[in-house]
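> Provided herewith is a single structure, encoded as structure tokens, for subsequent inquiry.
The values are calculated or read from the model by the stated rules, or taken from the named source; none is laboratory data. Only a predicted model underlies this, so the values are computations on that prediction, with no experimental measurement involved. Virtual Cβ from ideal backbone geometry, glycine too; neighbours counted across all protein chains shown.
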Amino acid sequence: MYIFLSWIHLTAAIFWVGGMLFLSLVAVPLMKREVDPAQAQRWFINVARRFRSFVWIAIAILVTTGILLLSNHLDFSISLSAWPTVLIVKLVLVVLLIVTSVSHDRIIGPKVRTIKQKASAEWTSTDHVLVRIGPWIGRMTMILGLAVVLAGVMLVRS
């Protein structure tokens, strides 16, 4: 059962992190080369929305299998200070990743899409800031995802 849970956990992580890498390193550069920016943006939004629906399934799988895998190795009744440091770091990174993903998908992304529908002359200073930080929040989720994978590798190897 442990092997199967590990495989499911890793498959969900591969999907999530691999998808973020694909969007950042393949989809965005292709979109930027498109002749019609509006059409490219619509295409990217459709791809990202489709990916996002599967990401939240992957997150549910990761949290569930993560708890089950953790329960095989850790007595939850012991003090948090007795937990391995790399485990605590991984869990903190996971929480940051989920919070960042929710912020990007549910708050900042929709606001940026709404802002971009207005003429740039109508944008407020807050609008300008949101349009600038939007892509960086997406990049931050990718970096956090890679950091979680690294922490997972370190945890398994420790």
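> What about Ser103, is it small (Gly, Ala, Ser) and over 20 Å from the mean Cα position of the chain (by Cα)?
No: the conditions fail for Ser103.
Per-residue answers, yes or no, for (1) at pLDDT below 90; (2) assigned by TED's automatic domain parsing to the domain that holds Met140; (3) surrounded by fewer than 14 Cβ atoms within 10 Å (Cβ to Cβ); (4) not aromatic (Phe, Trp, Tyr):
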site	(1), (2), (3), (4)
Met1	yes, no, yes, yes
Val17	no, no, no, yes
Met31	yes, no, no, yes
Gln41	yes, no, no, yes
Phe44	yes, no, no, no
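> A further question follows. Identify the residue in segment 36-60 that is among the polar types (S, T, N, Q) and free of Cβ contacts under 8 Å to residues at least 40 places away in the same chain and, among all such residues, is farthest from Thr141 (Cα to Cα).
Gln39
> Among the listed residues Ile115, Ile59, identify the single one that is assigned by TED's automatic domain parsing to the domain that holds Val26, crowded, with 16+ Cβ neighbours inside 10 Å and under 30 Å from Pro29 (Cβ atoms).
Ile59
> Right, something else. When Thr141 is evaluated against the numbered criteria (1) in contact with a His (Cβ under 7 Å, 6 or more places away or on another chain); (2) surrounded by fewer than 17 Cβ atoms within 10 Å (Cβ to Cβ), which criterion, by number, is the only one it fails?
(2)
> When you go through Leu80, Leu97 one by one, which is the residue that is loosely packed, with under 14 Cβ neighbours inside 10 Å and either at pLDDT 95 or above or over 22 Å from Gln41 (Cα atoms) (or both)?
Of the residues listed, the single one that is loosely packed, with under 14 Cβ neighbours inside 10 Å and either at pLDDT 95 or above or over 22 Å from Gln41 (Cα atoms) (or both) is Leu80.
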